[in-house]
1. Considering only protein heavy atoms and a probe of 1.4 Å, how much of the accessible area of the stretch 112-167 is carbon and sulfur, as a whole percent?
2. Quick check for you: with a 1.4 Å probe and neighbouring chains kept, what is the accessible area per residue of the stretch 33-83, in Å²?
3. Please work out the Cα center distance from the stretch 93-127 to the stretch 60-74, rounded to the nearest Å.
4. Hey, can you find the accessible area per residue of the stretch 111-174 for me, probe 1.4 Å, expressed in square angstrom?
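The values are calculated or read from the model by the stated rules, or taken from the named source; none is laboratory data. Computed from a prediction, not measured in an experiment: that's the story for all the values here. Just the protein is used for accessible areas: all its heavy atoms, side chains included, with ligands, DNA and RNA removed. Shrake-Rupley method; radii C 1.70, N 1.55, O 1.52, S 1.80 Å.
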Amino acid sequence: MKRAGTALLVAGLAVAGLAGCESEQTSSKGATTTAAPALWNPCTEISDDVLRSAGVDPGTEEKGVAGVPQSGWEICGWEGQTYSLTIYTTDKSVADFEQKPGNVDFRDVTIAGRSGREFRVAGASKELDCDVVFPAAQGVVQLQVLNRASLDNLTDPCTTLARVGENLVPIFPR
């Protein structure tokens, strides 16, 4: 499935900027091992009915960034008529997102009774994109809405995200 170039750029930036080192643990003998967490997979955990209620077509599912898996992340996206929806999971923290250059305009939000941090990504697509990260035991779950750049008179993406999040957020791991 083709994704808008802007969606690929935003998704790539979101992953590239946070894809630092894996979590490391040091044993008592000084050896370092990498312990990758078991991440929740939005591609397998969200039903087609929930996706349709969020205004996207389950048949447009795309894993990873442009179909390429990203180490330390589970990423799944879908297309709707006026926006795309992408859900990311990672072992990164909310603070990691807040400290990443280019992530701007953070504010506290509550969606479906769950607290998260809404933000935008600076750049040409800033007014088209809205993201919210929700803390989870594994790290975070990130919900992203990206409006289609080719359409006019679109709803603010953060308004759309809050609306579709009402059905999606209750499914996210805690």
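1. Ligands and nucleic acids excluded, carbon and sulfur reach 46 percent.
2. Spelled out: the 1.4 Å probe surface of the stretch 33-83, per residue, equals 50 Å².
3. Distance between centres, Cα-based: 21 Å.
4. 41 Å²
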